[in-house]
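The values are calculated or read from the model by the stated rules, or taken from the named source; none is laboratory data. A quick note: this is a predicted structure, and the numbers were derived from the prediction, not measured. Cβ coordinates were reconstructed from backbone atoms using ideal geometry, including for glycine residues, and neighbour counts include every protein chain displayed. The area values use the complete protein model at the heavy-atom level, side chains included, leaving out ligands, DNA and RNA. Shrake-Rupley method; radii C 1.70, N 1.55, O 1.52, S 1.80 Å.
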Amino acid sequence: MFERLEQVTPDAILGLMAAYRADPDPRKVDLGVGVYRDARGETPVLAAAARAEAALLAAQTTKTYVSSVGNVGFNEQMTQLTFGAAHPALKANRIRTVQTPGGCGALRLAAELLRLAAPGTKVHVSTPTWANHEPLLGNSGLALERYPYFDASTGGVEFPLMMASLERLPPRAVVLLHASCHNPTGADLSEDEWHAVLELIRRRDLVPFLDMAYQGLGGGLEADAFAPRLFAAELPELLCAVSCSKNFGLYRERTGALHVLGSSPGSADAMLSQLARLARGMWSMPPDHGAEIVRRILTDAELTASWQGEVRTMRERVVALRQKLLQQLREYCPQRDFGFITRQRGMFSFLGIGTPEIRRLRSEHHIYLTDDSRINVAGLREENLAYVARAVAQVLKS
Ligand code: LMR
């Protein structure tokens, strides 16, 4: 049965993680997988999460099933975190939320819903987009197409080209947009640009699909949720996948949610019932542990304040690292403009260097980044900033 299956290469990001772990060189630097790292290079359990988890373990009396839509208290809290407690779409009772196994589960669940609603639907994704969007959405049977997004010459968004391309889409085409902290480029839309995209989506009758995996790590918890709040206030329908991996540090607990906005409370209810059935057919029920940790953090004023402080610390560290990396690159590589590094937001930047140089960074300097030149800025440390900048200068020179 399985003899004809061929060996496949590992996923690029996960393959890089494994190669980094196997490298014995003490100088090695991991700028690959998108996980936050502190000044010691560790990915800590957040203090608020550890306290919520201890309380959860002390209080939990059963491990019985929860439900296909997950932890209802978590879903309520996540809805408020994404949209704000007083959002008009909440008052109109048009938002429904389903807990999912991570942001990946939310993306996949949304893809299944799209396929159910309109089997021939195409999802339009940015060039480039997170590598895993392709299998997560495509494996459900949806076709993916690309719209222009990143401008390598400025390190920003090719906004006029992107808009011209979206303008040509047929009605009901689905447009996937990164709500904040674009992965892999770090190049985000401005608020004015979001307004322009909103107008285009409305005029062309497109279906917006937001992916928000880094809320809080770009401009702050409120600022990063600008797009879902704007779209949910102005549009009839919306899909929004969110993740608690980075901002709650719950990576391996697989904690995320899918928000859907229906054109009426009845339509939202129907969407929710379909999502529950789809979830039941894929994973039956999402894992509760991380969701209950998040629920406890967000329903306790002291834990919420402590968590918000930790998110601020993560964000400020990444912003400071961006400035320091730029300084070092200016010193070692004055002939090249890396100014985009401090304009981009979130954990990622695109260095804009070629594959041969990236391979040499890995083989000669033990610096790991993905082949598209994405770096996880949070993987840098005071101690290795100069080492990394010097290595980049060296591979660019020779
Ligand atoms: C990344 O982009 O590196 C993260 O989102 C982790 C992953 O699963 O790829």
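Before moving on, here are some points about what is shown:
- DSSP bridge pairs, the range 65-299: antiparallel proportion in percent, nearest 5: 45
- Average Cα contact separation per residue, the chain, under 8 Å, 6 or more apart, as relative contact order %: 26
- Dividing the Cα radius of gyration of the chain by its Kirkwood radius returns 0.96 for Rg/Rh.
- Rounded tilt (10° steps) of 191-204 against the dominant C-alpha axis of the chain: 50
- The Kirkwood hydrodynamic radius of the range 65-299, based on inverse pair distances between different Cα atoms, is 17.5 Å.
- Asp38/Gln80 FRET efficiency (R0 35 Å; Cβ-Cβ; nearest 0.05): 0.80
- If the segment from Ala196 to Glu382 were pulled out straight at 0.36 nm per residue, it would be longer than the present Cα-Cα gap by 63.0 nm.
- Solvent-accessible heavy-atom area per residue, rounded to whole Å², over the chain at 1.4 Å: 44
- Asp269 versus Gln323: modelled label distance in nm, points set 7 Å from Cα along the beta carbon direction: 5.3
- Helix 47-59 vs. the chain, principal-axis angle (Cα, 0 to 90°, nearest 10): 40
- Modelled this way, with points 7 Å down the Cα-to-C-beta line, the labels at Arg27 and Ala59 are 5.1 nm from one another.
- Square roots of five times the Cα gyration tensor eigenvalues for the range 50-111, Å: 24, 16, 11
- Karplus-derived 3J(HN,Hα), 6.51/-1.76/1.60, for each residue of the range 213-220, Hz, glycine and proline x: 9, 9, 4, x, 9, x, x, x
- For Arg336 and Ala47, the FRET efficiency from 1/(1 + (r/R0)^6), where r spans their Cβ atoms and R0 equals 41 Å, is about 0.55.
- With the simple model of a label 7 Å out from the Cα in the direction of the Cβ, Ala233 to Glu145 spans 3.2 nm.
- When a 1.4 Å probe is rolled over the protein heavy atoms, the share of accessible surface on the range 65-299 that falls to carbon and sulfur comes to 53 percent.
- Exposed chymotrypsin sites (Phe, Trp or Tyr not before Pro) absent - longest run of the chain, DSSP non-H/G/I/E/B, at most 15 other C-beta within 10 Å: 66-398
- Here the alpha carbons of the range 207-314 define both size measures, Rg and Dmax, at 15.1, 42 Å.
- Convex hull volume of the range 26-176 per residue (C-alpha atoms, cubic angstrom): 224
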